[in-house]
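The values are calculated or read from the model by the stated rules, or taken from the named source; none is laboratory data. Every value quoted in this text rests on a predicted model; they were computed, and no experiment measured them. A quick note on method: Cβ atoms are made from the backbone with ideal geometry, for glycine too, and the neighbour counts reach across all protein chains shown. Quick note on the areas: whole protein, heavy atoms, side chains included, nothing else; ligands and nucleic acids left out. Shrake-Rupley method; radii C 1.70, N 1.55, O 1.52, S 1.80 Å.
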Amino acid sequence: MLTFSLKYKHYQQRIREEQVQRATKAIEANGALLKKLGPNDYKRLVKRTNITPDGEVAAKELQALDYERMAKEAQYDGFYAVCTSLDNSPADIIQLNKRRWEIEECFRIMKTEFKTRPVYLSREARIRTHFLTCFLSLTLYRYLEKKTDHGFTPRDLIQKLREMNFFQLSSGDFVPTYTRTEITDRLHDAFGFRTDYEVLSETQMKKI
């Protein structure tokens, strides 16, 4: 499925113009680093010639802007292609693609906040259990995020949950030891109970 955006075209043109300027400056400076390049690196726009017009190998390398490559890339400015195995209508696929960032964010939360990797396990059952635990944690987090109206970043919300500790008295009751914040207030409002200003019995904690 192919779409076109004039705004995206102008964006790509602006990026390429900046890369051309950097490539031009690098050529003028005869930078040796031009030999190292990546698929999105400005150095890809530099053409290198090591032979003479007669076809002989030249000792000196000639560097110049690769106008042929620039023209080839410019043909696709503004176009965005999506390849999928879905049989849905184009409208449905576009809508799903707009939400792809949510999937990518889930992977980021799994890797950063829940420390999914590295995995220091070798048995298959334990590896599966590890990832299942991480997935369930992500599911619970998304539920909390929805209940708090997406008002906080994943790091802030998860960190505050980890800080919500209690001290158990000899009587068996619990006293909160965390600092009350906007996040704790939102959590209490969302779930209909409070743990921040009173001593809680063991029965109350079990219900919570």
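A few points about this structure:
- Phe135 contributes about 110 Å² of solvent-accessible surface, heavy atoms of the protein only, 1.4 Å probe.
- Helical segments meeting 30 Å axial Cα length and Kyte-Doolittle 1.0 threshold in the chain (DSSP H): none
- Long pairs among Lys7/Lys72; Lys7/Lys47; Lys147/Lys207, criterion Cα-Cα beyond 27 Å: Lys7/Lys47
- Shown here for region 88-148: trypsin sites (Lys or Arg not before Pro) in loop regions (DSSP other than H, G, I, E, B) with at most 12 other Cβ atoms within 10 Å, namely Arg99, Lys115, Arg123.
- Förster-model FRET efficiency, 35 Å R0, Ile208 and Tyr120, C-beta, rounded to 0.05: 0.60
- Per residue, region 41-189 exposes 74 Å² of solvent-accessible protein surface, assessed with a 1.4 angstrom probe and all protein chains in place.
- By a 1.4 Å probe calculation restricted to protein chains, Leu121 has an accessible surface near 70 Å², given to the nearest 10.
- Compactness of the chain, taken as the C-alpha radius of gyration over 2.2 N^0.38 Å, stands at 1.70.
- Counting Cα-Cα pairs of region 102-208 in 10 Å increments starting at 0 gives whole-percent bin shares of 12, 36, 30, 19, 2.
- Accessible-area ranking of Arg22, Arg186, largest first, probe 1.4 Å: Arg22, Arg186
- The apolar share of the surface of the chain, taken as the fraction of accessible area on carbon and sulfur atoms (1.4 Å probe, ligands and nucleic acids excluded), comes to 55 percent.
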